[in-house]
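Handing you a structure now.
The values are calculated or read from the model by the stated rules, or taken from the named source; none is laboratory data. Values in this document were obtained by computation on a predicted structure and should not be read as measured data. We place every Cβ from the backbone using ideal geometry, glycine too, and count neighbours over all the protein chains shown.
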Amino acid sequence: MTAHALRALRAWVQDSIATRVVGILIEPLNPDASIPMPRTFKRIAERGLAYLARTQRPDGSWLPLWFGCQHAPDDENPSYGTARVLAAYRDLGMIDGEPARRGVAWLVSAQNPDGGWGGAVSTPSSVEETALAVEVLLDATPQAAERGLAWLVERIEGGGLYEPTPIGFYFAKLWYYEKLYPIIFSVAALGRARGKRA
């Protein structure tokens, strides 16, 4: 949830900067990035990033608040959690920071031999997790992303958008199929891949 909040706040700040300037001191969160941030957001982002660094698991992954994978140990879904957190690091211009590098390394290590990702290491590849991984890895490690992209395109062309993978509240063993997730996540990944090639 922290990663989602940071991404949403960053987008709001960027939109505010683009539409109006109200005398707020602007400075970059990451001096090497080209994303100017109001000073207040910078403090919020630093606290959020500190929380994400503290909650990163020793192997480099993050767990999501509730999404699980029935095929993974303890029904956890570190692929989903890690991809969502890495998207926040990417959007804040910090994909090269130490926590992000460790997260990228974990996500790359979780890639299946077929090129896709499941909810965890050695779990069956799914459209949802593969699309999330591809979307973020395009900016961090294009070689792994390209293998995932090839798997994703092949799966989509084979009708995979209409076969959602069970996802749900792992702690309550409440599993459900969300028909929109394969579509939404795939559109995001394919759109980002297309933007990189344009």
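Quick one: is Gly60 in contact with a Cys (Cβ under 9 Å, 6 or more places away or on another chain) and in a loop (DSSP other than H, G, I, E, B)?
no
Hey, another quick one. Please tell me if Ala140 is farther than 24 Å from Gln70 by Cα and surrounded by 15 or more Cβ atoms within 10 Å (Cβ to Cβ).
Here the answer is yes, as Ala140 does meet what is asked.
For region 162-181: of the residues being surrounded by fewer than 16 Cβ atoms within 10 Å (Cβ to Cβ) and among the aliphatic types (A, V, I, L, M), which is modelled with the lowest pLDDT?
Ala172
Kindly check whether there is at least one residue in region 95-110 that is in contact with a Lys or Arg (Cβ under 7 Å, 6 or more places away or on another chain) and assigned to a loop (DSSP other than H, G, I, E, B).
Scanning region 95-110 turns up no residue that is in contact with a Lys or Arg (Cβ under 7 Å, 6 or more places away or on another chain) and assigned to a loop (DSSP other than H, G, I, E, B).
Please tell me if Val108 is under 20 Å from Tyr89 (Cα atoms), at pLDDT 95 or above and β-branched (Val, Ile, Thr).
yes
Something else about it: Exactly one condition in (1) more than 21 Å from Ile183 (Cα to Cα); (2) buried (at least 24 other Cβ atoms within 10 Å of the Cβ); (3) in contact with a Pro (Cβ under 7 Å, 6 or more places away or on another chain) is false for His71; which is it?
Of everything listed in (1) more than 21 Å from Ile183 (Cα to Cα); (2) buried (at least 24 other Cβ atoms within 10 Å of the Cβ); (3) in contact with a Pro (Cβ under 7 Å, 6 or more places away or on another chain), His71 misses just condition (2).
As an exercise: evaluate Val153 against (1) touching a Pro at 6+ places or on another chain (Cβ under 8 Å); (2) assigned to a helix (DSSP H, G or I); (3) not acidic (Asp, Glu) and give the number of the one condition it does not meet.
(1)
Any residue at all in region 125-132 that's in contact with an Asp or Glu (Cβ under 9 Å, 6 or more places away or on another chain), of a type in the set (Val, Ile, Thr), surrounded by 19 or more Cβ atoms within 10 Å (Cβ to Cβ) and in a loop (DSSP other than H, G, I, E, B)?
No, because not a single residue in region 125-132 is in contact with an Asp or Glu (Cβ under 9 Å, 6 or more places away or on another chain), of a type in the set (Val, Ile, Thr), surrounded by 19 or more Cβ atoms within 10 Å (Cβ to Cβ) and in a loop (DSSP other than H, G, I, E, B).
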